[in-house]
Each structure stands twice: as structure tokens, then as C-alpha cells.
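This report concerns only the one structure given below.
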Amino acid sequence: MTQWLERQAAVRERRGQVRRPLARAAHEQFIDLASNDYLGLATDPRVAGAAAEAASQWGAGATSSRLVAGTTQLHLDLEQELAALAGMETALVFSSGYLANIGVITALGGPGTLIVADEHCHASMIDGFRLSRSRTESFTHNSVEEAGRLLAGRSEPRALIAVESVYSVLGDEAPLAGLLALAGQHDAMLLIDEAHSLGVTGSGVFQGRGSVAGTALAGHPNVIVTATLSKALGSQGGAVLGSPLLREHLLNRARSFIFDTGLAPAAGAAALAAVRIIRDEPWRAGSVRGNAAALAAGLAPALARLGATPDRTAGAVQSLPMPSAEAALAAAESARRQGVRVGCFRPPSVPDGIPRLRLTARATLTSEEIEDSCAVLRGILEELQ
């Protein structure tokens with residue numbers, strides 16, 4: 001085993017796929033274009049204060065699984081208000097978004113369920129497909145037509161279509177209306193991961209409530225939503241949202257809920273405070289999208305000289321294609337040395353195999369920070385010519 005581990009390490013090094021965590025200081029002076037704290041709520045005094053108060057009142061942990069003694073009133077309040085925010089009937093909170101996806105997919109899957117999944121689905125969904133023992137077929141990214149052909153040829157009595165509303169690497173959005181029509185036509189459930197849209201997308205009075213709220217998908221019997229509490233909500237945890245019947249099924253069949261210690265009260269209280277801020281301060285979602293557009297505009301000239309453009313985005317994510325994994329690593333390190341933290345995505349983490357710098361806009365970015373970060377990144381992109 002040791003020799004195998006050594007060979008694996010050598011392969012990763014040769015391919016430029018070595019990953020190591022970079023510790024950050026509590027009050028570091030970086031322009032943050034790497035985190036998923038889209039609304040700037042992770043350090044909001046109201047959110048942090050709610051977490052501190054809950055820890056003082058309930059203790060540091062939930063103490064057990066949710067079905068034993070790990071459910072507090074905080075969990076129930078969070079589920080109720082999160083469901084209302086997203087336009088769904090009920091919610092069930094898990095200790096992470098990863099476990100929420102695995103929980104709902106395995107609880108609905110099995111030999112009698114066909115899963116038809118977009119090829120850009122997140123790793124948590126892919127792991128759920130594998131664990132579910134369902135036959136799984138992937139369709140070309142955002143191709144409703146291909147998904148329909150896969151559903152038309154099924155022999156299984158049940159079917160699940162799996163997508164993200166806004167994709168985590170490219171930042172583009174799924175054709176949800178077309179997929180909902182497809183689900184109705186083929187008596188399938190449509191599973192929508194709102195990890196990168198809750199708190200960011202939505203329009204009018206539904207601004208910031210995600211891509212489902214305020215549309216025909218909200219509360220639809222064929223629609224299931226999963227969400228994370230660790231991105232726009234600035235906390236930790238995940239949730240599955242849907243009908244009361246689905247929630248009851250998950251309580252009894254989702255192993256990543258039943259056998260996992262419940263979400264810590266501090267995280268639940270922080271997420272609850274964030275849900276209320278998103279509801280009451282919809283301007284934050286508009287600021288995220290405005291800042292994402294400003295980043296794209298500031299980088300467009302340099303990318304055009306390289307024959308590229310920022311990938312189309314529907315939310316906070318801007319994705320900049322790089323010529324190689326080594327170039328992406330070098331660019332990210334150069335940006336860090338100049339005070340700008342960016343994401344560096346390399347195979348196998350990118351669904352299309354193209355290394356990228358991933359920039360995530362935040363509502364709290366200032367115009368000066370956007371200008372400064374674009375200047376740094378333009379210089380780095382120009383060096384690639």
C-alpha cells in the first residue's frame with residue numbers, strides 16, 4: 001500500500017494535480033475572489049452573533065442524530081423559514097450540502113430508478129448516483145432534447161432528472177422550464193441543486209430567493225430542491241426541500257440524515273439569521289450579480305487578446321479558461337502574491353477538462369477592489385500571450 005501511495009503521489013505531481021490547503025489568517029488583507037461567501041454574511045455581525053448566542057444556549061454540538069436528541073427548535077425554525085424563502089413546502093436540514101445530495105439521491109434511487117443527469121453535475125450528486133445503485137445516464141450539458149431521449153427509452157418504473165440551477169464551475173444556468181416540462185411528460189422527478197443560486201438569483205420580489213422561487217417550479221410536485229447553507233448563507237450545512245411526503249420519506253430512508261449527528265446549533269442559528277437577511281435585504285443579490293458583471297467587463301479586453309471570453313454566468317461565478325493546469329496554478333499563485341485570492345480549478349475537478357481560474361463575486365466587494373483585482377488579473381493574463 002505504501003508503494004502504491006508513493007506512485008499515486010508521483011502521478012499527481014507529474015500531472016499538476018497536487019492539492020494542498022492554504023491556511024488563511026482571521027483578518028488577512030486579501031481581495032477575496034475565491035470563497036463562496038457571496039453575500040458577505042459569514043462575517044456579518046448579525047449572523048456571527050446568532051451563532052455565538054446559540055452556542056451559549058444550546059452548546060457546541062447537536063449531541064446526537066436528529067432522530068434521537070439532535071433536533072432543537074432552531075432546526076425546525078430554520079427548516080420552516082428556508083422552505084418559505086425558496087418557495088417550497090417543507091425542508092429537511094442535513095449537516096452539509098454534500099450529505100443532503102447523497103441523502104436524497106440514495107433514498108429515491110435503486111434498481112427501479114433511472115437517473116438522467118447533466119454531465120456537469122457536482123461531485124456530491126455523482127457520488128449519490130453511485131451509492132444509489134441506480135442506472136445512471138448523463139446527457140450533454142444543458143441538452144433538454146438528449147435528456148428526453150434517455151427518458152423515453154427507460155424500462156425502470158421511476159426516473160430522476162438531476163441538474164444544478166447555476167453550475168459551480170462555468171457559472172451558467174440550467175434550462176429549468178424545459179426540464180420541468182420533460183419531467184411532467186415522462187412522470188419523472190426533477191432534482192435541482194440550488195447551491196450556487198440560493199441567495200443570488202431570482203427577480204422582482206423574489207430577488208435572492210434562488211432560481212426556483214417565484215416560478216412554476218416552486219412547490220411543484222415533480223420538483224425537489226437541494227441547497228447548501230455554507231455559500232450565500234455564510235454558515236454550514238445543507239437541506240432538501242420538497243413535499244411533506246418527500247420529507248417523511250427522507251426521515252426514514254436517508255442514511256446520511258439518520259446516522260449523522262445533527263447540524264450544530266450555532267450553524268443552524270447562523271443560517272437562520274442569514275435566511276432572514278436575504279429575505280429583508282434583496283439588494284445583496286443584485287450587488288453580487290452587478291459585481292460579477294463588472295469583473296467580466298474588466299477582464300474582457302485581456303481575454304479577447306487570448307481569443308477567450310469569461311464563461312457566461314447567471315450568478316456570482318466567473319470562470320477564466322487557462323491553457324494548462326500548470327498555467328492555472330502559476331496564475332493563481334501570482335495573484336495571491338499581489339493580494340488577490342482566486343480559485344484554481346484543474347482536472348479532474350472541472351467537468352470539461354479545461355483548467356480555469358474561478359472568480360466569485362461578493363455583494364460586499366467595493367468598486368476599488370474590483371478595479372484593483374482586474375488590474376492584477378489583466379497583467380497575469382497578458383503574460384500568457
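Annotations for the structure displayed:
- Beta bridges by DSSP in the chain, antiparallel share as percent, to the nearest 5: 45
- For the chain, accessible area per residue (1.4 Å probe, heavy atoms of protein chains only), Å²: 43
- Shape category assigned to the range 74-175 from the gyration tensor of Cα positions, a/c cut at 1.5: prolate
- Charge dipole magnitude, Cβ of K and R +1, D and E -1 - the chain, Cα centre, debye nearest 20: 760
- Local net charge near Glu326, Cβ-Cβ under 12 Å (Lys/Arg +1, Asp/Glu -1): +1
- Over the chain, equivalent-ellipsoid semi-axes from the Cα gyration tensor in Å: 32, 26, 22
- Share of carbon and sulfur in the accessible heavy-atom surface of the range 1-145 [1.4 Å probe, %]: 54
- Percent RCO, i.e. relative contact order, over the range 196-347, from Cα pairs under 8 Å lying at least 6 residues apart: 19
- Beta bridges by DSSP in the range 173-245, antiparallel share as percent, to the nearest 5: 50
- Computed over the range 282-361, the P(r) tail beyond 18 angstrom holds 43 percent of alpha carbon pairs.
- Counting Lys and Arg as +1 and Asp and Glu as -1 over every other residue whose Cβ lies under 11 Å from the Cβ of Leu114, the net charge comes to +1.
- Cβ-defined net charge surrounding Leu263, 12 Å radius [Lys, Arg +1; Asp, Glu -1]: -1
- Solvent-accessible area assigned to carbon and sulfur over the range 232-385 amounts to 52 percent, based on a 1.4 Å probe.
- With the highest mean first, a sort of the peptides 149-155, 175-181, 127-133, 54-60 on other beta-carbon atoms found within 10 angstrom per residue produces 127-133, 175-181, 54-60, 149-155.
- Convex hull volume per residue for the range 147-234, taking Cα atoms only, in Å³: 100
- Rolling a 1.4 Å probe over the protein heavy atoms leaves His122 with an accessible area of roughly 70 Å².
- Relative to its residue count, the range 233-382 spans a Cα convex hull of 165 Å³ per residue.
The values are calculated or read from the model by the stated rules, or taken from the named source; none is laboratory data. Only a predicted model underlies this, so the values are computations on that prediction, with no experimental measurement involved. A quick note on method: Cβ atoms are made from the backbone with ideal geometry, for glycine too, and the neighbour counts reach across all protein chains shown. SASA here: full protein model, heavy atoms, side chains in, ligands and nucleic acids out. Shrake-Rupley method; radii C 1.70, N 1.55, O 1.52, S 1.80 Å.
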